[in-house]
Amino acid sequence: MERELYVDSYIGFKGNISNNLILIRKEKEIDKKHYKEQLKYIEEEEYLENEKKKKLKSVYNLKNIDINHNYYELKREELKYNFFMIYAIGTNIIKENILDNNRTIFKSDESEINKLYVDKNKKYICCCKESKLISNIYIYDFENKKKPIILSLHKFRTVDISISNDGKYLLSSGGHDDKCLILTQIENQKFIYKCLSDYPYTNISFFHKTNNFVIAKLNSIKICYYDFSKKLISEEEVNTSIYKRQFVCLELKENDEYAYLGTTTGDVLVVNIKSKVLEKIIPENYLFGNGLNVIKILDDNTIMTGSGDGYISLIDIAEKKILRKTKLYGSINSIEMRNKSTLFISNYENIIYVMDLINNNHYVLLLIHNHYINDLCFPFNYNYIMYTCSYNSIMAWQFYDKKVIYLKNIDKGKFIYYDKKFLNIPVEKRKKLCKLNLTHQSKINSSLEEKKKKKNSLQNYEKINKNLICHSIKITNDGNYIALSIHNNIYLLTSKYMKIITVILNSHYDFCNVLIFYNKYDLITAGNNGDIKFWKFDKGKYLNVNTINYHSSIINQIILYADKYLCSCSEDGLITIYNIQENTLFKKVIDINNTRYKQISLNNQYDILLCCGNNNIFMYYDLIKYDISKNFYYSPFHNVLSLDIDKKGNYFITGSDDYKIRLYEFKSCTCLYIGVAHNNVIHKCLFTFDNMYIVSASKDESIIYWRVPREIKEKE
């Protein structure tokens, strides 16, 4: 029987899900003696740091040194509370403990999540699904001790949900195809009330103290009172005067006196619930770009807003003014408060920021591609850095620390993020020309013009490659350069600053799917029409030396061994072995049983080629005798999309379209371990150089580190 493969780390986030970052604080069971000891230790540490900074201020007259009291406040809170970060990736919900990084995965069906919600009592975790027929609502127990409750209430899409204060009732609203408002009893799973509308209810919320609720749709805000004994509902329209708005978000005050509604026009409507009147529109004489996505109430007089153009703003309600405004990258999706001075902010570009309200400083907590990863690679015999490419971006990672070194957008040609410890990118500033002579200045200008003329071609390449997809990425053995295939063009870039060295335009008919380096900087590329091309690097440019066409479909994998032979496999099921030195086809491998082998990998001794077929057949091809040595059949049915053999050649892994990663023994081809953490197709999996981890990438936009089992390490 196969055993479960252990997940060591999970990297992933999907920012385009509504409210996809929720922070929960729960009390711990505290040992009083241990708590007092730790508290004294923190106070002593804070006192010593304060004394050091006071001395630095007095002796060296340093005014910029401030004491970080918030850091020690967070440490004190960590002694009392557990902090959970809840977010969704693809079809799963993840509850992550911020302190020890323990994760709980809540699984659901294959439909994608479009809304995330946690009730006010921290009892339920809910998600809304989007499908082609019926939109399901999943209600999970927070501690994951019970089976989830599944409600099928709306067609296609559920826009918003809310749970009552007593945790008995669920209010949900459908999208444009449904336009229904449904009140459901959670225990019986039966709806109590249902009504149709001319426009969908975009925002709904129960009150904090009663089971009454507020609903908002296009140009309309209503306060609803439901009599559960008589099963009757009464609605009262809020007087918004001449103002008409389309609403995006809704936030209620804890005392249920005011409701704050964000709009697509970029302002906030303040509604008095008792008088049912629109009191204010804030901020005065200012509109945020791309609408207001999030509103967070800080106290009685201030609110925090997140806009579509990336601004986090602190607004005074009484004065109707913006007190402070901070620009972040991407459209704001969620704002959560850890304490009075610390914010967690997520955006649609898959970035989570942590902001200090006192100093107005922020840093990146989590950053990942805004699309699923197409390819990943490591430098030769090196594990500490990992390179990944996605739809329109390249990223370099610190592998063990799981931190981003840089993220560069291909369309914009700019760094979205970079770590200043590794990269020193100068910022354009006004040059002081007072100390320069005019003659010297003219020489500099002429030299700059000459350089621009030489680089005109490279600048044009950047303009050509707009809105195109990165398919494959590889790094040279010395680690100096990276080859990146973007549609049918191939870029040679420096590995550190991503500067363009040269570009191969129109390398293949449609796009280049796979590429590898050979003879230091020379390239072998494979296209989607079955053609393989050989490129020689000479004087900073690539020249096409040879082209072969033995396949009739997209090529999945090419492997170079003995610096002489090239193995290739394609969707047409054919495996070819080509002699590069003699420019001849050495061998064709075709299975008699009509098995199409779409993935190949080579062991460390270069004597056996492992081939994976479309009907779960594994073939061992002997490269010395040039004959099929073994055939194995494995069930249940699945298609292998990625394959890799470990360094010593004792084990191999497969990533398949049934969302599972499998670890096999190479000799007997028996499956030993199965990993089930992904929730979409796994199209890339690799062993690390030290055989400590297995790295896999999936279409659920996540990267998972799987720990190689101890038994396997001991055998090796």
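Using a ≥ b ≥ c from the Cα gyration tensor of segment 458-576 (square roots of the eigenvalues), is it rounded, prolate or oblate, where a/c under 1.5 gives rounded and otherwise the larger of a/b and b/c decides, a/b for prolate? Verdict is oblate for segment 458-576. Could you name the lysines in cross-link range of K222, using Cα to Cα under 20 Å and dropping any fewer than eight places away on the same chain? Within reach: K179, K194, K209, K231, K244, K253, K274, K276, K280. Give the calculated FRET efficiency between I192 and K647 to the nearest 0.05, with a Förster radius of 60 Å applied to their Cβ-Cβ distance. Once the sixth-power term is evaluated, E becomes 0.45.
Report, in deg cm²/dmol and to the nearest 500, the calculated mean residue ellipticity at 222 nm for the chain, where each DSSP H run with n ≥ 4 adds -39500 (n - 2.57) and the sum is divided by the residue count.
-3500 deg cm²/dmol
What is segment 110-237 by shape, rounded, prolate or oblate, if you read a ≥ b ≥ c off the alpha carbon gyration tensor as root eigenvalues and call it rounded for a/c under 1.5, prolate for a/b larger than b/c, and oblate otherwise? Oblate, because a/c is 1.5 or more while a/b does not exceed b/c.
Sequence-ordered 3J(HN,Hα) estimates for segment 504-520 from the Karplus curve with 6.51, -1.76 and 1.60 and θ = phi - 60° stand at 9, 8, 6, 5, 9, 4, 10, 8, 8, 8, 9, 8, 9, 8, 8, 6, 6 Hz, glycine and proline given as x. The label-point distance for D607 and E571, in a model that sets each label 7 Å from Cα toward Cβ, rounds to 3.7 nm.
Computed from the C-beta positions of H208 and V354, the FRET efficiency with R₀ = 22 Å rounds to 0.20.
In terms of other Cβ atoms within 10 Å, E701, E110 run from fewest to most in the order E110, E701. Listed by chain and number, the lysines whose alpha-carbon sits under 16 Å from that of K412, ignoring those within fewer than 8 places in the same chain, are K463, K466, K499.
Computed extension gain for K231 through Y47, at 0.36 nm per residue and net of the alpha carbon distance, reaches 60.1 nm.
Using Cβ point charges alone (K and R +1, D and E -1), the dipole size of segment 110-237 about the Cα centre works out to roughly 320 debye.
Rounded to whole Å, give me the distance from the Cα center of segment 169-197 to that of segment 660-716. A separation of 43 Å, based on Cα centres. Report the FRET efficiency, 1/(1 + (r/R0)^6), for D299 and H638, where r is their Cβ-Cβ distance and R0 is 51 Å, rounded to 0.05. After rounding, the FRET efficiency stands at 0.40. Here segment 376-424 and segment 501-549 have alpha carbon centers that stand 24 Å from each other.
Spin-label model, T265 to K588: label points 7 Å out along the Cα-to-beta-carbon direction sit 7.0 nm apart.
Along each principal axis, taking the top coordinate minus the bottom one, the Cα set of the chain gives 88, 79, 60 Å in descending order.
Can you sort F83, F13 so the residue with the fewest Cβ neighbours within 10 Å comes first?
F83, F13
Taking label points 7 Å from Cα along the Cα-to-Cβ direction, N615 and E319 give a separation of 7.7 nm.
Charge tally around I139: other residues with Cβ under 11 Å, Lys/Arg +1 each, Asp/Glu -1 each, net 0. Distance from the C-alpha centroid of segment 88-110 to that of segment 121-151: 13 Å, rounded to the whole angstrom.
A short reminder: the numbers here are calculations on the coordinates, not readings from a lab. Fair warning: this is a prediction, and the values are worked out from it, not measured in the lab. Note that we place each Cβ from the backbone using ideal geometry, even for glycine, and neighbour counts take in every protein chain shown.
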